[in-house]
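Presented below is the structure to which this report refers.
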Amino acid sequence: MHDVFARLDTFGERYRLDLDLDLSSGGDWIDCSRLLDPGSPELTRVLDAERHASGQVSDHATALTVIAVYAGRVTTAALLAWALRGVLIDVRPSNTAIRLSEHHGFEAVGLRKPYAVEGSVETLVSWVLEEHLLPLARALRVRTRAGLRQLHGGIAHGCAMAFCGASLRGGDVDELEAAYHRFVAAAGNGLDRLGRVVRLREGAREGLFYLRNTCCLYYTSAEKVLCASCCLDSEADRVAHYRSVLRGA
């Protein structure tokens, strides 16, 4: 099943993974398991890097930006692998590492032991959410006092982007839409109330897009822009923007 990693690469940078990492050799990789400790220097590095890169004005806004970007990059490959092939990639924190970027987001995501095994959606939820993203949200809550609902909103958005992004890069829209709804149904934790995926068509192009019910406060950064999915824009305006994406505008 190792070819699943090559297949993921075809969908672009969001799903690309560095394989067979050896963290004992040093380098710039950060062990993701260290980020679950609210007081760890590794979590400090991640927050400081994002605040510097995006020019955020507060600790809690930085945390909301971090969780949204993290969920939209670090665990997305596992979600897409399951949607496409029905296999599980181990993205539990102890097997995953990130490399910081000078810009908004992360430069790379890697695995210590890359493998894919058949498994259930319940195991996927355990590895992605219960053992990784939700504990990270709790750590960020303790560290910055960011609201847990908003942090979970970033998780919901990031997970949805695994399916939405692939739908615009050649993925089967029917397959991805069905997989998304299966995942959200199994996920629980109220993620289904934090936003929804809509399916849009313009001419011959079709895709999945996310409408958030929470805000990551990225508009308070130096960028001063709203995310395309932001709930501070009306649903009609967000859908109109998404339709323009399908038209290639």
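Using amide H atoms built in the peptide plane, which far-off residues or other-chain residues are under 5 Å from GLY195 H to H?
Distant-sequence amide H within range of GLY195: ASN213.
Quick one: dipole size for the chain, taken about the Cα centre, charges +1 on Lys/Arg Cβ and -1 on Asp/Glu Cβ, in debye to the nearest 20.
For the chain, the charge dipole is close to 640 debye.
Can you compute 3J(HN,Hα) from phi for each residue in the range 178-195, using the Karplus curve 6.51 cos²θ - 1.76 cosθ + 1.60 with θ = phi - 60°, rounded to whole Hz and x for Gly and Pro?
The phi angles translate into 5, 5, 4, 5, 5, 5, 5, 4, 7, 5, x, 6, x, 4, 5, 9, 9, x Hz.
Please list, ordered by chain and number, the residues whose modelled amide H lies under 5 Å from the amide H of VAL87; skip anything fewer than 5 residues away on the same chain.
Amide H neighbours of VAL87: TRP82.
With unit charges on the beta carbon (Lys/Arg positive, Asp/Glu negative), name the residue among ALA97, LEU23, VAL184 whose Cα is farthest towards the positive pole of the charge dipole of the chain.
VAL184
Kindly rank 123-129, 140-146, 27-33 from highest to lowest mean number of other beta carbons found within 10 Å of each residue.
123-129, 140-146, 27-33
Under a Cβ-Cβ cut-off of 10 Å, what is the net charge of the residues other than LEU151 that fall near it, where Lys and Arg count +1 and Asp and Glu count -1?
Counting the neighbours of LEU151, the net charge comes to +3.
Picking from THR10, GLY72, GLY55, whose Cα lies most toward the positive end of the charge dipole for the chain (charges on Cβ: Lys, Arg +1; Asp, Glu -1)?
Sorting the options by dipole projection puts first GLY55.
What does the chain give for Rg and for Dmax, in Å, if only its C-alpha atoms count?
Final numbers for Rg and Dmax: 17.1, 52 Å.
HN-Hα J couplings of the range 149-165 from phi, Karplus 6.51/-1.76/1.60, θ = phi - 60°, integer Hz, Gly and Pro as x?
With the stated coefficients, the range 149-165 comes to 5, 5, 4, 5, x, x, 5, 4, 5, x, 5, 4, 5, 4, 7, 5, x Hz.
Could you work out the pair-distance distribution P(r) of the range 155-222 from its alpha-carbon pairs, with 5 angstrom bin width and percents rounded to whole numbers?
Taking every Cα pair in the range 155-222, the percentages come to 3, 16, 27, 22, 14, 10, 5, 1.
Using 0.36 nm per residue, how much length does the chain from SER126 to ARG85 gain when fully extended, once their Cα-Cα distance is taken away?
Values: separation 41, 0.36 × 41 = 14.76 nm, distance 1.82 nm.
That works out to 12.9 nm of additional length.
Based on the mean of other Cβ atoms within 10 Å per residue, sort peptides 218-229, 166-177, 85-96 so the most packed one is first.
By packing density, highest mean first, the sequence is 85-96, 166-177, 218-229.
Residue-wise, which Karplus ³J(HN,Hα) couplings in Hz belong to the range 69-81, taking 6.51 cos²θ - 1.76 cosθ + 1.60, θ = phi - 60°, and x for glycine or proline?
3J(HN,Hα) across the range 69-81, in whole Hz: 5, 4, 5, x, 9, 6, 10, 5, 4, 5, 5, 5, 4.
Per 0.36 nm of contour for each residue apart, how much would the distance between ASP20 and GLU102 grow if the chain were fully extended, relative to their Cα-Cα spacing?
Answer, rounded to one decimal: 27.1 nm.
FYI, it's all coordinate maths here, none of it is from the lab. Keep in mind the model is a prediction, meaning the values are calculated, not measured. Because the Cβ atoms are built from the backbone with ideal geometry, glycine has one as well, and the counts that use them run over all protein chains shown.
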